Amino acid sequence: MTARIIDGKALAKKLRESYKQRVSRLAENNVTPGLAVILVGENPASQVYVRNKIKACEECGVLSREHVLPADVSQTEVLALISRLNEDPTIHGILVQLPLPAHIDNRAVLEAISVHKDVDGFHLYNVGGLVVGNTVFPPCTPYGVQLLLETTGIDVAGKNACVIGASNIVGKPMALMLLQKEATVTICHIKTQELAQHTIIADILVVAAGKPNLIVPQMVKTGAVVIDVGINRLPDGRVVGDVDFEGVREKASWITPVPGGVGPMTVTMLIENTLRSAEMFQGKGEGINSFE
């Protein structure tokens, strides 16, 4: 068996083309979807991520405004900027690039963002909404994974799903989304003992641990669907995921590559959420899903 590739890059491209039409419909009502991106400090990785997000917005016709603040900016100043953006009718989404400097309280900053502009899906309301199925905007990476599964025709209902990684950004919300789709979910993390005992029974395996080659073939059930969320840069410059791709693809039924799998979908879902916010702003409420 050789796994079929779940091509996130191709799906992201298709979605972004459709977004141009939605932007055009918004323009007919004098609405231009706007995303504000806040970058604090000069973290090189964060700068790259922000550039990629701004470029993706430009491709789709979404207005992006970058707010670059010095690393020593006070938390009060950051909160004041978010307050102004919350009140700005031309901004439909606010994204604070993480991580923030140590002297700034991440939670206080994220919760200052209006729920209706929290297009990253990190606000306590949106995270809690995942538990009861009433979130406004789902977190972008799990949302992208969910869409990859759905468009590939993979039904998770009744399946054993194992999520490796328990972060607030990926692992926990991913587990909740799978649970909403009636999968039986196991969450593993850095202190999980005998990890292979959990992964070997998984029909759906989502790996977001940040450790290269954490998952090897003998840990994977034959015919499993393997979603690799990990992004790791090796000393030789190569970018790989958390899964031994070449080995596991000979045992799985479907697998995402790194790069080209989940990554492109994360940025695309950010644009989706921003468009959704703009559409709610004008009262249309169009989009892939409805979060009423």
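What follows is calculated from the coordinates using simple rules that are stated; it is not laboratory data. For clarity, every value in this text was computed on a predicted model and none was experimentally measured. Don't worry about glycine lacking a Cβ; one is built from the backbone with ideal geometry, like all the others, and counts go over all protein chains shown.
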(message) Amide H of LEU69 versus every other amide H placed in the peptide plane: which residues, excluding those fewer than 5 positions away on the same chain, fall under 5 Å?
(response) LEU39, VAL40, GLY41
(request) Could you go through the range 82-89 in sequence order and give the Karplus-derived ³J(HN,Hα) for each residue, using 6.51 cos²θ - 1.76 cosθ + 1.60 with θ = phi - 60°, rounded to whole Hz, and x for Gly and Pro? (result) 4, 4, 5, 5, 4, 8, 7, x
(request) Determine ³J(HN,Hα), in whole Hz, for all residues of the range 273-282 in sequence, where each value follows from phi through the Karplus function 6.51 cos²θ - 1.76 cosθ + 1.60 and θ = phi - 60°; x replaces Gly and Pro. (result) 5, 5, 5, 4, 5, 5, 5, 5, 4, 8
(message) On a straight-distance basis, which lysines could pair with LYS55 in a cross-link, Cα separation under 18 angstrom, same-chain partners fewer than 8 positions away excluded?
(response) LYS9, LYS13, LYS14, LYS20
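Write down the percent of antiparallel bridges among all DSSP beta bridges whose residues are both part of the chain, to the nearest 5. Numbers along the way, then the final one.
Working: 2 of 31 bridges.
Of the beta bridges lying entirely in the chain, close to 5 percent run antiparallel.
In the range 136-232, which trypsin sites (Lys or Arg not before Pro) fall in coil by DSSP and have 12 or fewer other Cβ atoms within 10 Å?
Values: sites: LYS159, LYS181, LYS191, LYS221; in loops: LYS159, LYS181, LYS191, LYS221.
Answer in residue order: LYS191.
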(request) Rank VAL185, VAL226, ALA252 by how far each Cα sits towards the positive end of the charge dipole of the range 159-292 (+1 on Lys, Arg Cβ; -1 on Asp, Glu Cβ) and give me just the farthest. (result) VAL185
(request) Go through the range 5-22 residue by residue and turn each phi into a ³J(HN,Hα) via Karplus (6.51, -1.76, 1.60, θ = phi - 60°); whole Hz please, and just put x for glycine and proline. (result) 8, 8, 8, x, 5, 5, 5, 4, 4, 5, 5, 5, 5, 5, 5, 4, 5, 5
(request) Return a whole-number percent for the relative contact order of the chain, with Cα pairs under 8 Å and 6 or more residues apart as the contact set. (result) 22
(request) Hey, can you grab everything whose amide H is under 5 Å from the amide H of SER64? Only 5+ residues off in sequence or another chain; H modelled, so Pro and N-termini drop out. (result) LEU35
(request) Pull up all non-local amide H partners of VAL185: gap of 5 or more, or a different chain, and H-to-H distance under 5 Å with H placed in the peptide plane. (result) ALA161
(message) Along each principal axis of its Cα atoms, how long is the range 140-263 end to end? Whole angstroms, biggest number first, please.
(response) 41, 29, 28
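Under 1.5 on a/c is rounded, so check that first for the range 32-116, then, if it is not, pick prolate when a/b is larger than b/c and oblate when it is not; a ≥ b ≥ c are the square roots of the alpha carbon gyration tensor eigenvalues. Kindly include the intermediate steps, with their values, before the conclusion.
Details: a/c = 2.21, a/b = 1.22, b/c = 1.81.
Cα axes put the range 32-116 in the oblate bin.
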(request) Only Lys, Arg, Asp and Glu count, each charged at its Cβ (+1, +1, -1, -1), so figure out the dipole size of the range 32-116 about its Cα centre, rounded to 20 debye. (result) 180
(message) Under 8 Å for C-alpha pairs, at least 6 residues apart: give me the relative contact order for the range 164-259, rounded to a whole percent.
(response) 24
(message) Under a Cβ-only charge scheme (Lys and Arg +1, Asp and Glu -1), can you give me the dipole magnitude of the chain about the Cα centre, in debye to the nearest 20?
(response) 460
(request) Would you be so kind as to identify which of ALA71, ALA108, VAL50 lies farthest towards the positive end of the dipole of the range 32-116, taking Lys and Arg as +1 and Asp and Glu as -1 on Cβ and the Cα centre as origin? (result) VAL50
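Based on the mean of other beta carbon atoms within 10 Å per residue, what is the order of 116-124, 211-219, 30-38, 44-52, most packed first?
Details: 116-124: 23.0, 211-219: 17.3, 30-38: 20.7, 44-52: 13.6.
Highest to lowest by the protection proxy: 116-124, 30-38, 211-219, 44-52.
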